[in-house]
Amino acid sequence: NSGVVSLLRPLLLDVVPTVRQTSALALGRLADYNVDLAEVVVRAGVLPQLVCSLPEENRYYKKTAAFVLRVVAKHSPQLAQAVVQCGALETLVICLEDFDPGVKEAASWAFDYIARHNPELSQAVVDAGAVPLLVLCIQEPEIALKRIAASTLSDISKHSPELAQTVVDAGAIAHLAQMIPNPDAKLKRQVLSALSQIAKHSVDLAELVVEAEIFPVVLTCLKDSDEYVKKNGATLIREIAKHTPELSQLIVNSGGVAAMIDCIGSCRGTVRLPGIMMLGYVAAHSENLSMAVIVSKGIPPLCACLIEEHEDHIKAAAAWALGQIGRHTAEHARHVAAANVLPTLLDIYVDTRSSEDLKMKASIFAKKALKNVLQKCTYLPALEPLLHDAPPNILKHIIGQFSKVLPHDSKARRLFVTTGGLKKVQEIKAEPGSLLQEYINAINNCYPEEIVR
């Protein structure tokens with residue numbers, strides 16, 4: 001408000017290098033504070049002035065100028081576009097080739113903050129020729145430079161298969177894969193994130209990541225003490241597993257399912273989420289893969305997530321994964337039902353305390369999981385408790401299963417009477433001629449008339 005920006009701007013052209021650098025730093029700190037101040041700095045015409053003098057300046061000024069460009073770009077796609085339009089990308093590419101690692105690092109930060117917003121800005125970074133230089137940066141000895149270069153490659157790759165392919169074509173995968181065992185947790189986070197963003201787009205890209213021999217070394221990340229390393233490692237494995245049964249089988253063969261189950265059991269909250277999803281994807285592909293999850297004792301930790309977690313989207317994911325495990329055959333459904341998970345799913349489905357949007361998601365997945373399991377389930381002890389609480393649309397599936405099993409199982413028929421199941425069936429009001437009424441008639445026909453009465 002005091003007009004400081006217009007006073008600082010001419011100082012960028014001062015004859016004394018330290019004055020130029022310090023005034024740039026002051027403008028950067030103002031722009032860093034919030035979006036309105038960043039817009040003031042842009043409107044004052046500071047960016048073109050910074051950019052045009054940058055190649056001739058010393059390394060301290062280059063670092064500071066890259067800082068200003070980065071803090072302006074971070075606030076919004078529009079401000080990042082302003083940075084691109086003033087010709088900053090070409091100048092930043094020159095900085096990426098600088099001999100000083102600090103200048104390279106500052107330029108990488110600026111590229112990252114521009115590329116993360118949207119595909120168009122990311123494409124502008126690619127077109128400026130930054131990607132091969134960023135791949136060189138991840139090979140430099142300085143850890144801080146490696147971190148930010150990997151982060152930038154991740155943010156470029158995330159937007160589209162084409163952008164990810166550009167990163168792959170520059171030879172990034174092999175160098176990223178070699179850094180998975182690096183002891184630096186922050187670097188590992190970025191490396192795993194970059195590989196995930198590449199693998200997520202297509203089968204071909206996922207296969208290229210796998211061919212870089214990330215298994216079994218990536219499984220060690222699931223035991224890492226850093227929560228984000230765990231989460232990003234699980235996310236990478238999830239992004240590979242989701243594509244094909246063959247890729248999922250490869251993960252199973254390398255011990256990935258057992259390692260993921262241990263990981264889910266050892267952590268809480270959103271760190272669990274990618275692992276839960278990964279088990280669901282693996283189980284969804286085929287009966288054999290689903291059985292591999294069951295044999296590795298994957299059901300109990302998923303049940304625990306339903307009970308322990310408070311966030312509805314995590315419950316929804318666990319419900320979905322259990323539904324994928326149980327949907328294949330009666331044997332698969334029996335394993336899910338025997339874990340006594342069906343009453344919990346039902347509770348989530350009918351719970352009214354959750355927030356509307358999340359409740360809807362969690363309840364939809366719980367309902368789907370229930371249906372998936374119920375359509376195959378012949379394990380009656382698990383179905384019995386549901387008779388008393390299930391809403392009509394779920395009740396139909398439960399009654400349907402009893403009508404299939406009871407005619408052929410005398411022990412089940414006896415239990416059905418003594419536990420009050422038959423009494424509950426008599427209380428159900430079904431439309432005459434409906435499918436539900438047919439199921440009820442089939443159950444009643446298993447018993448003498450006086451027992452039904």
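The values are calculated or read from the model by the stated rules, or taken from the named source; none is laboratory data. This structure is a prediction, so every number in the text was calculated from the model and none was measured. Please note: Cβ atoms are built from the backbone with ideal geometry, for glycine as well, and neighbour counts cover all protein chains shown. Ligands, DNA and RNA are excluded from the accessible area calculation, which covers all protein heavy atoms including side chains. Shrake-Rupley method; radii C 1.70, N 1.55, O 1.52, S 1.80 Å.
Overview of values
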item: Selection within the range 436-451 - among the hydrophobic types (A, V, I, L, M, F, W, C) and surrounded by 15 or more Cβ atoms within 10 Å (Cβ to Cβ); result: Leu436, Ile440, Ala442, Ile443, Cys446
item: Residues within the range 84-109 that are within 15 Å of Val135 (Cβ to Cβ) and either free of Cβ contacts under 8 Å to residues at least 12 places away in the same chain or open to solvent by less than 30 Å² (accessible area, probe 1.4 Å) (or both), tallied; result: 5
item: Test: residue in the range 47-64 that is within 23 Å of Asn118 (Cβ to Cβ) and small (Gly, Ala, Ser); result: no
item: Any hit, the range 147-158, residues being modelled with pLDDT of 95 or more, among the aliphatic types (A, V, I, L, M) and surrounded by fewer than 23 Cβ atoms within 10 Å (Cβ to Cβ); result: no
item: Residue list for the range 384-421, restricted to those being open to solvent by 70 Å² or more (accessible area, probe 1.4 Å) and either hydroxyl-bearing (Ser, Thr, Tyr) or part of a helix (DSSP H, G or I) (or both); result: His388, Pro392, Lys396, Lys404, His408, Lys411, Arg414, Leu415, Thr418
item: Hits in the range 422-435 (condition: outside any helix (DSSP H, G or I) and open to solvent by less than 60 Å² (accessible area, probe 1.4 Å)); result: Ile428, Ala430, Ser434
item: The one condition in (1) open to solvent by less than 40 Å² (accessible area, probe 1.4 Å); (2) more than 26 Å from the chain's Cα centre (by Cα); (3) at pLDDT below 85 that Ala362 fails to fulfil; result: (2)
item: Test: residue in the range 369-376 that is part of a helix (DSSP H, G or I), more than 19 Å from Ile348 (Cβ to Cβ), open to solvent by 20 Å² or more (accessible area, probe 1.4 Å) and modelled with pLDDT of 80 or more; result: no
item: Which listed residue is farther than 18 Å from Glu105 by Cα and either acidic (Asp, Glu) or at pLDDT below 95 (or both), from Asp184, Asp226; result: Asp226
item: Hey, Val125 open to solvent by less than 60 Å² (accessible area, probe 1.4 Å) and touching a residue at least 40 places away in the same chain (Cβ under 8 Å) or not; result: no
item: Residue match in the range 36-47 (condition: outside any helix (DSSP H, G or I) and more than 39 Å from the chain's Cα centre (by Cα)); result: yes
item: Number of the exception - Ala321 against (1) surrounded by 22 or more Cβ atoms within 10 Å (Cβ to Cβ); (2) under 30 Å from Ser154 (Cα atoms); (3) touching a Ser or Thr at 6+ places or on another chain (Cβ under 8 Å); result: (3)
